[in-house]
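Heads up: the structure comes next, in structure tokens.
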Amino acid sequence: MRTLAGVRRRGSDVWYAASLAAALPSVPTPATVPPLLSALLASSGSRERELLGTALLEVLNSAFALQPCALTVADRPQVHSQDDQGRLARATYGYYRCRVPQSGPPQRCAIRVYHRTAVRGQVVSASAFTNTLLHEWVHHYDFAGLGLRRSPHTAGFFARLRQLRSLVLPDLDPESTGPHPGR
Ligand SMILES: [Zn+2]
């Protein structure tokens, strides 16, 4: 019997397999990336990060021929949950959102990154911010570049993230994917 759950399951397997198999196309590092990354890694203000991050997204989208993606840096703590001892159980560093129509490219693509840590409300480090932004951009690539209708955290997703990191941060350890942003 073709239950709705069964259909959904088969559908998600298709996206899972496609996500596993895909790689980021090889492109040269755009000349504007190193100065943008240096500025991002030295930034601390939410508005400053939003402007620099928006500029980085524009450069990446142009390099990979993707449609635009908006960025909001929310000056508020990461959405999180705590266990019954009050310890941090899970925090969402940021997320990617888009509307996926029946056919055609995704619409209203947007990334949101939280500017403050979950419990203490301190400004997140510039490297954590940058890692989150790159992670969320890979979700954008999955929808807008690969045409996936879902963007699961497969081994292929993290391989694309490593490729992206070695493109924009070639001096850093390519095996490090940074903190996991949660979504
Ligand atoms: Zn994610």
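The set of residues in the range 19-32 that are in a helix (DSSP H, G or I) and surrounded by fewer than 19 Cβ atoms within 10 Å (Cβ to Cβ) comprises Leu20, Ala21. Count of the range 145-171 residues, restricted to those that are away from the ligand (no atom under 15 Å from the Cβ) and among the small types (Gly, Ala, Ser), is 3. Against the criterion of being within 12 Å of the ligand (Cβ to nearest atom), more than 30 Å from Pro35 (Cβ to Cβ) and not aliphatic (A, V, I, L, M), Pro101 does not qualify. If you go through the range 77-92 and keep only what is crowded, with 17+ Cβ neighbours inside 10 Å and touching a Lys or Arg at 6+ places or on another chain (Cβ under 8 Å), you end up with Pro77, Gln78, Thr92. Of all residues in the range 124-183, those satisfying the criterion of being of a type in the set (Lys, Arg) and modelled with pLDDT under 95 are Arg149, Arg150, Arg183. If you go through the range 50-97 and pick out every residue that is free of Cβ contacts under 8 Å to residues at least 12 places away in the same chain and in contact with a strand residue (DSSP E or B) (Cβ under 6 Å, 6 or more places away or on another chain), you end up with 3. His135 fails exactly one of the following numbered conditions: (1) assigned to a loop (DSSP other than H, G, I, E, B); (2) within 12 Å of the chain's Cα centre (by Cα). What is the number of that condition? (1) is the only condition that His135 fails.
For Arg108, state whether it is assigned to a strand (DSSP E or B) and under 22 Å from Gly156 (Cα atoms). For Arg108, the condition - assigned to a strand (DSSP E or B) and under 22 Å from Gly156 (Cα atoms) - is not met.
The values are calculated or read from the model by the stated rules, or taken from the named source; none is laboratory data. Predicted model only: the values in this text are computed from it and were never measured. Neighbour counts run over all protein chains shown; Cβ positions are idealised from the backbone, glycine included.
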